[in-house]
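The structure appears below as structure tokens.
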Amino acid sequence: MQLRENLTTETCWEVIETMFDPANLSAGGSNFLIGNGYYGYRGTHADWGADSQVGFVVTDTYDKADGKWKELCTVPNPLYLQFRDATGTLSCLTEQPHSYRRELNFRYSRHSMTASWKREGGLITVREERVALRGQLHGIVQRSVVSADHECWVEFRCEIDTNVWSLNGNHFAQCEPVGATTPGSAARVDLLTVEMGLPIVVGQRVFLDGNEITPSASEESMSEHRKGSVLYLHAGEPREIVIYAAVYSANDLRQPPDDLRQPGADPSRPGPDELSERAELHRELERSLSEMVKQGYGMLVRESNKKWDQIWDDCDIRVSGDELAQTLLRYNIYHSIIATPMHSERLPIGARGLSCQAYQGAAFWDQEIFNLPMFLYTRPEIARNILMYRYHTLDGARAKARELGYRGAFYAWVSGKDGHEICPSHFFVDVLSGRAIRNHFNDWQIHVSPDIAYAVFLYLDVTDDWEFMFGYGAEIVFEVARFLQSFVYYKPEKQRYELIRLLGPDEYHENVDNNFFTAFQTRYVLSRAVSLHEELRQKNPDLALLLRQKLEIAQGDLEFWSDVSERLHVQKPSSSGVIEQFDGFFRLEDILPEELTTRLVDPSEYWGWPNGIAVETQVSKQADVCQTFVLHRNAYSLETMRANYDYYEPRTQHGSSLSPPVYAMVASWVGRQRAAYDYFIRSAGVDIFDTGKAFSGGTFIGGIHTAACGAAWQVVVCGFAGMHHRGQMLLFSPYLPDGWS
Ligand code: IFM
């Protein structure tokens with residue numbers, strides 16, 4: 001089935017490209033990504049380099065190289081392999097191939113590419129296949145087969161390519177290639193990151209036709225760690241090169257800090273000894289490569305596939321009657337899964353997953369609101385992991401609150417390993433003047449805190465996991481409540497509480513008051529925090545008391561939360577049912593995005609604060625009022641939801657990929673079936689159809705839109721299938737698109 005020009009599927013488990021298009025290099029690199037939650041390896045050809053955005057992005061390697069952006073590292077590429085003959089390099093980059101086919105199999109995270117080039121004597125064909133192993137988190141394998149229909153020779157060059165594509169500076173203060181020392185040992189590159197001094201090691205072992213190649217065995221040793229050789233090809237007799245590769249960072253070996261709940265625990269452990277850590281890294285690398293080699297390519301892939309089969313048993317959704325939807329849906333579920341560090345409860349899901357360094361490899365509210373629900377209903381232990389990450393990062397959130405003069409937990413807008421705010425104060429650039437823009441995502445976008453508490457309640461409602469609540473969840477909720485308590489303003493003349501100077505989901509409008517979404521979330525969390533306290537008390541009075549003492553929750557706090565939840569200003573529907581997005585929104589210029597676009601001086605201008613074209617208008621970047629309905633499905637009548645959908649939908653620019661799935665869901669509930677389907681395809685196709693922006697206000701924001709990936713599942717299950725829950729009962733009121741069964 002044709003998905004778009006130059007992209008088809010045969011079984012709805014893969015996407016296939018049949019023409020090499022150099023213009024698709026960047027988006028293709030993301031779209032054809034493979035990974036396993038520990039790393040992401042971009043969909044590039046084995047002979048490409050940093051200029052072609054090769055990226056081997058490794059989780060838990062946050063580092064700041066340029067003094068401004070902390071981000072995950074892309075590490076040297078251990079799968080680099082180039083073939084050349086007398087005519088030149090057998091590379092799509094330098095010569096259009098005679099035939100070409102590339103495929104991402106997203107059932108099994110397998111990237112394959114076959115290309116052939118015409119030579120005087122006939123064709124030379126290279127087929128490469130690369131698999132991100134599910135069973136071996138650190139391991140990745142690649143099998144390349146070169147063949148010809150005539151007698152000829154090719155030379156190959158295989159190395160760990162240390163020239164890496166990095167968005168914000170070089171992360172390696174040390175980058176030292178070390179050749180294989182003994183037969184059967186790995187060639188490797190030792191790295192040390194610039195800011196954190198984190199040791200990382202990347203290694204490979206290479207086999208030609210089943211025999212290991214060591215530097216001494218190669219005919220042409222390009223450097224100690226490189227291997228080059230000449231292959232004689234007989235017609236119809238393929239030659240095979242298999243690379244087993246692995247990557248480790250010292251963070252994989254370090255013990256997590258002591259659980260802060262244990263009295264007397266010392267969170268400041270002595271710093272690890274770098275030399276012994278390095279030695280241990282080398283041992284781990286050798287051990288895992290030996291294991292991989294012992295199992296062999298076929299077995300490794302089979303084992304990995306089995307793991308994927310189990311995942312799909314839980315997460316797959318079968319749609320009959322619509323191959324486009326089926327393919328997009330699985331493709332998005334796949335990307336959502338490989339973005340998620342399922343192996344850990346201490347790592348976030350990046351807004352671009354592990355597809356590149358954009359958005360710093362860090363978590364936003366996307367994680368709880370867009371990615372968590374699929375896991376909650378399919379693999380609740382992963383949803384728990386996600387929330388545990390927020391528990392482990394409470395101290396970062398507490399520090400942020402303190403620094404900004406609040407109490408409790410003000411979660412980071414951009415959250416890396418430890419939860420400290422890593423969102424730079426200047427995120428975008430005014431492309432007209434070249435001046436940096438002071439965005440306030442980091443200090444005014446407070447809704448991330450109640451969103452996380454909301455997710456804790458969602459998790460509780462669905463799982464009834466009180467053990468989690470007593471141990472972790474309640475602490476998150478109470479600390480968020482305390483933050484909200486310190487954020488609200490009491491306006492005596494109005495006898496109500498207000499939320500002043502913030503940013504709602506619609507990021508174009510900064511410095512607004514009483515954003516409806518944020519207020520609704522605040523009220524919800526505070527009122528549930530009060531009842532949670534009571535429920536805990538009833539379930540286990542002793543534990544509840546201990547928790548209360550530990551968090552120093554006074555009776556006055558509970559009364560305050562209760563008072564705020566009753567008297568917080570939350571915009572009400574007007575007579576037409578429309579809810580004002582924030583104070584004064586309706587007084588802004590009423591213009592539609594299409595017309596507004598004509599005011600752009602430069603197409604890459606940032607539309608938002610402080611003086612972008614949308615700021616003084618009612619054009620929103622993304623769903624805001626309608627976002628509230630998705631989280632609180634039963635809070636308003638269908639008529640109110642419809643009135644707001646009809647008002648805000650035309651005024652929304654969808655400058656964020658988080659927007660179309662929200663409108664898809666609301667559209668399906670309010671009877672706008674056609675629009676619901678179109679928004680679904682738009683959302684689930686944002687990457688494959690390459691409709692997302694690679695740059696905004698001068699900042700690279702390309703890569704896989706991980707929130708939209710998680711949301712695809714929600715649109716189908718919660719939108720089209722109309723699933724919602726009341727307590728632990730699941731209810732369905734389907735609004736299926738035409739032709740679906
Ligand atoms: O969290 C989002 C935000 O809502 C819109 N800008 C991009 C962020 C990361 O996806």
Among 431-437, 544-550, 31-37, the order from most to least packed when residues are scored by Cβ within 10 Å on average:
31-37, 544-550, 431-437
Rolling a 1.4 Å sphere over the protein heavy atoms, what is the accessible area per residue of segment 325-449, to the nearest Å²?
24 Å²
Output ³J(HN,Hα) for segment 396-405: one whole-Hz value per residue in order, computed from phi by the Karplus curve 6.51 cos²θ - 1.76 cosθ + 1.60 with θ = phi - 60°, and x for Gly and Pro.
x, 5, 5, 5, 4, 4, 4, 4, 9, x
With a ≥ b ≥ c from the Cα gyration tensor eigenvalues, square-rooted, and the rule rounded for a/c under 1.5, otherwise prolate when a/b > b/c and oblate otherwise, segment 600-741 is prolate
Rounded to the nearest 10 Å², the accessible area of residue 297 at probe 1.4 Å
20 Å²
Can you compute log10 of I(q)/I(0) for the chain with the Debye formula, treating each Cα as one identical point scatterer, at q = 0.05, 0.09, 0.12 Å⁻¹?
-0.26, -0.83, -1.39
Other-chain or far-sequence residues with amide H under 5 Å of residue 697's (modelled H):
606
Largest first and in whole Å, what are the equivalent-ellipsoid semi-axes of segment 382-487 based on the Cα gyration tensor, each being the root of 5 times an eigenvalue?
29, 14, 11
Sparsely packed trypsin sites (Lys or Arg not before Pro) within segment 1-110, loop by DSSP, other Cβ within 10 Å at most 15:
68
Can you tell me the accessible area per residue over segment 672-719, all protein chains present, probe 1.4 angstrom, in square angstrom?
29 Å²
Relative to the compact globular guide of 2.2 N^0.38 Å, what is the alpha carbon radius of gyration of segment 458-579, as a ratio?
1.18
Using modelled amide H (1.01 Å from N, peptide plane; none on Pro or chain starts), what sits under 5 Å from the amide H of residue 568, excluding residues fewer than 5 places away?
497
Could you work out the helix-only [θ] at 222 nm for the chain, with each DSSP H run of four or more residues adding -39,500 (n - 2.57) and the total divided by the number of residues, to the nearest 500 deg cm²/dmol?
-10000 deg cm²/dmol
Step through the residues of segment 54-69 one at a time and calculate ³J(HN,Hα) from phi using the Karplus curve (6.51 cos²θ - 1.76 cosθ + 1.60, θ = phi - 60°), rounding each to whole Hz and writing x for Gly and Pro.
5, x, 10, 9, 10, 5, 6, 10, 4, 7, 10, 9, 10, x, 10, 9
Sorted by chain and number, the residues with a modelled amide H under 5 Å from that of residue 110, at a separation of 5 or more or across chains, are 105
Which GluC sites (Glu not before Pro) in segment 97-151 sit in a loop by DSSP (not H, G, I, E or B) and have at most 11 other Cβ atoms within 10 Å of their own Cβ?
120
Accessible area of the chain with a 1.4 Å probe: how many percent of it is carbon plus sulfur?
49 percent
What distance in nm separates the two pseudo spin-label positions at residue 404 and residue 302, each 7 Å out from Cα along the beta-carbon direction?
5.4 nm
Give me the accessible area per residue for segment 486-534, probe 1.4 Å, as a whole number in Å².
33 Å²
At 0.36 nm per residue, and after removing the present C-alpha to C-alpha distance, how many nm does the segment from residue 279 to residue 235 gain when stretched out fully?
11.2 nm
Partner lysines for residue 118 [C-alpha distance under 27 Å; skip if fewer than 8 residues away on the same chain]:
227
First select every other residue whose beta carbon is under 14 angstrom from the beta carbon of residue 714; then total the charges, Lys and Arg +1, Asp and Glu -1.
-1
Inter-label distance, nm, simple model (7 Å from Cα along the C-beta direction), residue 212/residue 5
4.9 nm
Quick one: of 400/494; 491/572; 417/621; 572/693, which pairs are farther than 25 Å apart, Cα to Cα?
400/494; 417/621; 572/693
For segment 694-739, report the % of Cα-Cα distances exceeding 14 Å.
64 percent
Residue 461-residue 114 pseudo-label distance in nm [points 7 Å out on the Cα-to-Cβ vector]
5.1 nm
Mind computing the radius of gyration and Dmax over the alpha-carbon atoms of segment 296-430? Å is fine for both.
17.7, 57
Per DSSP, the loop-located GluC sites (Glu not before Pro) within segment 1-96 having at most 13 other beta carbons within 10 Å are 5, 10
Tell me, what HN-Hα J-couplings in whole Hz come from the Karplus equation 6.51 cos²θ - 1.76 cosθ + 1.60 at θ = phi - 60° for each residue of segment 468-475, using x for Gly and Pro?
5, 5, 5, x, 9, x, 5, 5
Ranked packing of 485-493, 158-166, most packed first, by mean Cβ within 10 Å:
158-166, 485-493
Among DSSP bridges having both ends in the chain, what percentage is antiparallel? Round to the nearest 5.
95 percent
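The values are calculated or read from the model by the stated rules, or taken from the named source; none is laboratory data. In this text, all values refer to a predicted model and were calculated from it rather than measured experimentally. So basically every Cβ, Gly included, is an ideal-geometry build from the backbone, and we count neighbours across all protein chains shown. SASA here: full protein model, heavy atoms, side chains in, ligands and nucleic acids out. Shrake-Rupley method; radii C 1.70, N 1.55, O 1.52, S 1.80 Å.
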